[in-house]
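Single-structure report; data block below.
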Amino acid sequence: MSNISRKEFMTRLSLAIAALSAAAVAVPVLSALLAPLLERNEGAWRTVGALTDFPAGSTKLISFVNDDSKPYAGITAKTAAWLRRTEGNDFIAFAANCTHLGCPVRWEDQAQLFMCPCHGGVYYKDGSVAAGPPPKPLTRYKVRINGQHIQIQTAPLPITGMTACTGNQHPMKDKNA
Ligand code: FES
């Protein structure tokens, strides 16, 4: 039989149980911390309306649920974008936030411009900068047509540099007619 004393056996058993307990706590904590760094989030596709809801030349405000929203997020899970139908089945979806400091831009149909109320930023209908401090065009979402419906791909957007960026979001036009 073994020469291990009862005391030594109990010490080893205690150490083994402690190691198992530490692993039981560490594995889920580490995986929760590292998962966002390792996952590549492509973003979910959200249906935002029917083809017939968007006449050619129209630009309309749409809303949808964020890809990374939490169950407790409530109304904050929703975000908005501007969806423009240029001609035929060509669509462009713009983030609703100015690329300067993130204020929500509004569409002025008569002027055919996006206007930012905060510091006078102005964008043309294709999202490019017309005037003011915005450093770059309005950020775009990917758009696709699924049957008779329009879908856009949700994802964290590099709106102002203050939010997370997947690095593959611009330009994003994707037509699957
Ligand atoms: Fe839009 Fe400054 S936030 S111009």
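Structure values in brief
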{"read-out": "Residue list for segment 123-177, restricted to those being among the charged types (D, E, K, R), farther than 20 Å from THR79 by Cα and modelled with pLDDT of 70 or more", "value": "LYS125, ASP126, LYS136"}
{"read-out": "Subset of segment 98-125 [within 8 Å of the ligand (Cβ to nearest atom), crowded, with 20+ Cβ neighbours inside 10 Å and closer than 20 Å to ILE152 by Cβ]", "value": "CYS98, THR99, VAL105"}
{"read-out": "Residues of segment 61-97 satisfying the condition of being out of contact with any strand residue (DSSP E or B) (no Cβ under 7 Å at 6 or more places or on another chain) and within 19 Å of ALA155 (Cβ to Cβ)", "value": "ASP67, ASP68, SER69, LYS70, ALA73, THR76"}
{"read-out": "Residues (touching a strand residue (DSSP E or B) at 6+ places or on another chain (Cβ under 6 Å) and in a loop (DSSP other than H, G, I, E, B)) located in segment 138-151", "value": "LEU138, THR139, LYS142, GLN148"}
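The values are calculated or read from the model by the stated rules, or taken from the named source; none is laboratory data. As the structure is a computational prediction, the values presented were derived from the model and not from experiment. As a convention, Cβ positions derive from the backbone with ideal geometry for all residues, glycine included, and neighbour counts pool all protein chains shown.
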